[in-house]
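Enquirer: Would you mind keeping the following structure in view while I ask a few things?
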There are 2 protein chains.
Amino acid sequence: MEKVRLGIIGIGGMGTNHARSILEGKVPDMVLTAVSDTRPERLSFAEKELSKDLALYSDGKELIDSGDVDAVLVATPHYMHPDYVIYALSHGVHAITEKPAGVYTRQVKEMNEAAGKSDKVFAIMLNQRTNCVYRKLHEMIESGELGALKRMNWIITDWYRTQSYYDAAGWKATWAGEGGGVLINQCPHQLDLLQWLCGMPVKVRAFCHNAKWHDIEVEDDVTAYMEFENGATGVFVTTTGDAPGTNRLELTFEMGKIVCEDDKLIFDKLSESVFEHCKHEKEGFKKPDCTRVEIETDGLNEQHVGVLKAFADKILGKGELVAEGVEGINGLTLSNAMYLSSWLDETIELPFDEDLFFRELDKRIATSKLKEDKGIVFDTTGTY
Amino acid sequence: MEKVRLGIIGIGGMGTNHARSILEGKVPDMVLTAVSDTRPERLSFAEKELSKDLALYSDGKELIDSGDVDAVLVATPHYMHPDYVIYALSHGVHAITEKPAGVYTRQVKEMNEAAGKSDKVFAIMLNQRTNCVYRKLHEMIESGELGALKRMNWIITDWYRTQSYYDAAGWKATWAGEGGGVLINQCPHQLDLLQWLCGMPVKVRAFCHNAKWHDIEVEDDVTAYMEFENGATGVFVTTTGDAPGTNRLELTFEMGKIVCEDDKLIFDKLSESVFEHCKHEKEGFKKPDCTRVEIETDGLNEQHVGVLKAFADKILGKGELVAEGVEGINGLTLSNAMYLSSWLDETIELPFDEDLFFRELDKRIATSKLKEDKGIVFDTTGTY
């Protein structure tokens with residue numbers, strides 16, 4: 001194989017973005033050969049607006065079986081991600097899925113089991129991991145120079161969406177169609193980065209508010225408190241109702257504090273461990289010496305194209321993935337735990353009862369109302 | 001009366017600071033005439049280091065009854081604040097108390113009832129209200145220009161204290177001696193400002209961690225979530241264990257966001273109400289237009305001296321207080337609610353059961369161990 005022949009399953013807003021990148025040659029080792037969508041109008045769109053040379057399928061599994069593709073990118077509504085991924089991996093086709101990995105962890109476990117049995121590559125579109133700022137932070141934490149994590153505070157409230165956004169597609173922001181709101185749609189990146197940087201918490205207490213700022217079924221405002229195994233605590237705040245909103249991650253370590261905001265990393269570096277200082281310092285109010293530095297990064301931030309390049313490299317045996325598909329379960333576990341905590345109005349210890357979560361979700365699906373689908377597909381360029 | 005004759009009850013770290021300010025003439029309409037302390041060594045200190053002209057009392061009530069003073073400043077350990085204030089106000093002496101107003105709201109209600117029956121002035125040392133940044137913010141909120149509050153996030157973790165701080169005084173950081181940790185000792189200012197700016201929440205869910213960073217009985221790490229009557233949510237994070245720590249208050253309103261950090265107010269001002277925009281905007285991702293401005297203030301920040309000047313002015317009929325003593329109950333209600341939530345491991349609705357709080361506090365007092373008093377009095381200048 002010289003180039004990876006890719007098929008895209010689901011040619012909506014995100015699928016179209018990815019198709020354009022590949023057609024424009026931004027992923028040199030990948031060629032787009034086929035697309036599928038259950039909506040005939042999206043297939044005509046693909047033929048007219050994207051390329052006349054694409055094989056078109058109304059069924060994603062038919063695309064997988066067609067022989068036209070070595071790999072698929074799954075960009076359907078979230079509930080269907082695991083199904084298509086499992087089908088691809090068990091039919092000799094590499095797979096990359098859009099985030100979230102799925103809607104409930106029980107479903108994603110099956111996907112991960114299928115990946116375990118397959119010799120095909122399984123990746124996930126966690127494009128924020130390509131951001132130099134988060135990569136650098138991850139590298140610093142892994143190096144051990146920061147010492148123990150003490151505190152995490154992420155205000156990620158710059159996901160503003162208007163009512164029109166929610167009204168555009170019938171499946172959006174419904175329990176039956178999407179399985180949640182800001183946590184499942186907008187936040188998978190941050191929830192993944194959170195666990196990538198800090199590890200998984202052991203306890204979660206969340207307060208999810210449904211329809212707080214929009215006429216929707218699901219949550220558009222969340223505050224979550226968490227505790228990590230070493231006793232560190234964290235707060236995660238998100239919404240689609242605030243403008244201009246904030247994206248500020250503050251991590252406090254034994255050796256100082258790092259604030260990640262406006263694509264910068266500001267490090268307040270202590271001259272010694274705050275734990276040691278606390279014990280030996282004779283003055284009551286004296287802090288350890290501290291220097292403020294802006295951390296340099298390599299400046300690279302390839303986002304989706306970077307993830308697709310790495311996916312092609314991995315298939316062609318030339319490199320490693322940005323994110324293994326099986327890691328998608330971690331961020332999803334976090335959002336599931338936040339929902340469960342809010343629904344039961346109690347603190348959830350991890351790992352939680354996945355069947356209980358599924359039953360609670362199912363209750364909400366049972367009374368969920370799909371809206372009229374206006375068939376509007378927004379151009380999502382630069383919005384994620 | 002030309003000048004207010006003041007007596008200070010409790011001449012420890014804070015009492016000494018106030019005494020020096022007055023002796024140095026920083027409060028022109030006030031003269032220090034007497035001090036009291038139960039510790040003989042503090043009285044000799046006052047005589048030797050402060051002024052030979054001071055009347056000295058081992059009992060604060062004797063000082064109040066002495067005829068030497070028109071007003072008292074109560075700077076004892078917290079539990080005794082209400083008792084001395086009640087005694088002063090009901091014996092014809094004006095009173096200003098250090099924060100917190102008391103340790104439990106039931107006690108402070110009795111103080112406020114005594115104030116209601118007295119014609120004397122009752123003030124509280126909420127000196128942070130004199131800070132131009134918070135005054136300006138309060139003024140902007142009161143004017144209505146910001147619209148409805150949506151979200152509050154205060155990270156106030158720059159209260160670093162070493163183990164030596166806690167070891168210095170026997171009563172510090174014990175349930176019996178102080179009635180709590182960072183919430184009752186360091187945070188009364190921020191809890192007061194929080195309610196002054198945002199109003200009182202209706203629900204509080206807090207996670208207080210005892211002895212997380214220090215060898216003490218009480219909490220030195222707190223994360224609290226709250227909900228306000230209009231549905232706005234809030235997060236309050238504090239600790240004495242972090243260095244350098246953070247003091248960042250972010251308030252999100254219908255008309256934009258204000259961040260208060262490093263003595264600056266940065267306002268992201270929307271061109272229209274985010275609620276209106278959300279309803280009428282046809283694009284899914286489009287935010288209202290936004291301009292960033294730094295809000296100008298009058299630059300004045302008189303702190304303790306400002307509060308004492310206003311106290312003297314009020315007594316002399318020339319002006320108003322910075323903070324009415326009876327308002328001290330609000331911040332205390334917040335910290336009491338945070339403790340109760342954490343102790344019972346559940347969400348607390350306000351107003352809560354004050355007797356239940358008292359019984360729970362009493363359990364902790366019963367097993368509390370007073371430490372050896374090393375008699376160390378730190379110079380607290382500039383640390384609050």
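Enquirer: So, in segment B:291-306, of the ones that are among the hydrophobic types (A, V, I, L, M, F, W, C) and assigned to a loop (DSSP other than H, G, I, E, B), which residue ends up nearest to the other protein chains (Cβ to nearest Cβ)?
Expert: B:I295
Enquirer: Let me ask another. Residue check, A:M30 against (1) within 27 Å of A:G317 (Cα to Cα); (2) at pLDDT below 95, all met but one. Which one?
Expert: (2)
Enquirer: Tell me, which residue of segment A:146-188 that is of a type in the set (S, T, N, Q) and within 10 Å of chain B (Cβ to nearest Cβ) is farthest from A:K369 (Cα to Cα)?
Expert: Applying the filter and picking the extreme gives A:N153.
Enquirer: Quick test of your reading of the structure: A:D119 fulfils all but one of (1) outside the structural domain of A:T347 (by TED's automatic domain parsing); (2) buried (at least 22 other Cβ atoms within 10 Å of the Cβ). Name the failing condition by number.
Expert: Among (1) outside the structural domain of A:T347 (by TED's automatic domain parsing); (2) buried (at least 22 other Cβ atoms within 10 Å of the Cβ), the lone unmet condition for A:D119 is (2).
Enquirer: Okay, next question. Identify, from the list A:D313, A:D355, the residue that is out of contact with any helix residue (DSSP H, G or I) (no Cβ under 6 Å at 6 or more places or on another chain), in contact (Cβ under 8 Å) with a residue 12 or more places away in the chain, loosely packed, with under 13 Cβ neighbours inside 10 Å and assigned to a helix (DSSP H, G or I). Quick ask: steps written out before the conclusion?
Expert: Working: A:D313 fails: loosely packed, with under 13 Cβ neighbours inside 10 Å.
On inspection, the qualifying residue turns out to be A:D355.
Enquirer: Further question on the same structure: Which residue out of A:G306, A:G325 is closer than 18 Å to A:N131 by Cβ and crowded, with 16+ Cβ neighbours inside 10 Å?
Expert: Working: A:G325 fails: closer than 18 Å to A:N131 by Cβ.
Among A:G306, A:G325, only A:G306 is closer than 18 Å to A:N131 by Cβ and crowded, with 16+ Cβ neighbours inside 10 Å.
Enquirer: Turning to a different aspect of this structure: If the requirement is being at pLDDT 95 or above, aliphatic (A, V, I, L, M) and farther than 19 Å from A:N336 by Cβ, which of these qualifies: A:V218, A:V259, A:V204, A:V237?
Expert: Answer to the selection: A:V259.
Enquirer: Do the conditions hold for A:G245, that is, is it under 19 Å from A:P188 (Cβ atoms), of a type outside the set (A, V, I, L, M, F, W, C) and touching an Asp or Glu at 6+ places or on another chain (Cβ under 7 Å)?
Expert: Judged against the criteria, A:G245 is a match.
Enquirer: In segment A:154-169, what residues are over 18 Å from the mean Cα position of the chain (by Cα) and either surrounded by 22 or more Cβ atoms within 10 Å (Cβ to Cβ) or basic (K, R) (or both)?
Expert: Correct list: A:T162, A:Y165, A:Y166, A:A169.
Enquirer: Quickly run through segment B:193-222 and pick out the residues that are of a type in the set (A, V, I, L, M), farther than 30 Å from B:E142 by Cα and more than 12 Å from chain A (Cβ to nearest Cβ).
Expert: Scanning segment B:193-222 gives a single hit, B:V218.
Enquirer: Which condition from (1) aliphatic (A, V, I, L, M); (2) surrounded by 22 or more Cβ atoms within 10 Å (Cβ to Cβ); (3) at the interface with another protein chain (Cβ under 10 Å from one of its Cβ atoms) is the one that A:V259 breaks?
Expert: Of the numbered conditions (1) aliphatic (A, V, I, L, M); (2) surrounded by 22 or more Cβ atoms within 10 Å (Cβ to Cβ); (3) at the interface with another protein chain (Cβ under 10 Å from one of its Cβ atoms), the odd one out for A:V259 is (2).
Enquirer: Go through (1) assigned to a loop (DSSP other than H, G, I, E, B); (2) within 14 Å of chain A (Cβ to nearest Cβ) for B:V322 and report which single condition fails.
Expert: (2)
Enquirer: In segment B:262-290, how many are more than 10 Å from chain A (Cβ to nearest Cβ) and in a strand (DSSP E or B)?
Expert: 4
Enquirer: Also, quick follow-up: Just the residues that are among the aliphatic types (A, V, I, L, M) and either farther than 20 Å from A:V307 by Cβ or surrounded by 19 or more Cβ atoms within 10 Å (Cβ to Cβ) (or both), please, taken from segment A:10-44.
Expert: A:I11, A:M14, A:A19, A:I22, A:V27, A:M30, A:L32, A:A34, A:V35, A:L43
Enquirer: Somewhere in segment A:37-52, is a residue outside any helix (DSSP H, G or I) and of a type in the set (K, R)? Write out each step before concluding.
Expert: So the first thing to find is which residues in segment A:37-52 are outside any helix (DSSP H, G or I), and the list is A:37-39, A:51-52.
Applying the additional criterion that residues be of a type in the set (K, R) yields A:39, A:52.
So far as segment A:37-52 goes, yes, one or more of its residues are outside any helix (DSSP H, G or I) and of a type in the set (K, R).
Enquirer: Within segment A:223-256, count every residue that is facing another protein chain (nearest Cβ under 9 Å) and not small (G, A, S).
Expert: Of the residues in segment A:223-256, 13 are facing another protein chain (nearest Cβ under 9 Å) and not small (G, A, S).
Enquirer: From the list A:I96, A:I141, which residue is under 19 Å from A:D70 (Cβ atoms) and either in the same structural domain as A:V259 (by TED's automatic domain parsing) or touching a helix residue (DSSP H, G or I) at 6+ places or on another chain (Cβ under 8 Å) (or both)?
Expert: A:I96
Enquirer: Mind telling me which of the residues A:V72, A:V85 ends up being part of a strand (DSSP E or B), outside the structural domain of A:I156 (by TED's automatic domain parsing) and crowded, with 23+ Cβ neighbours inside 10 Å?
Expert: A:V72
The values are calculated or read from the model by the stated rules, or taken from the named source; none is laboratory data. A quick note: this is a predicted structure, and the numbers were derived from the prediction, not measured. Counting neighbours? That spans all protein chains shown, and the Cβs are built from the backbone with ideal geometry, glycine included.
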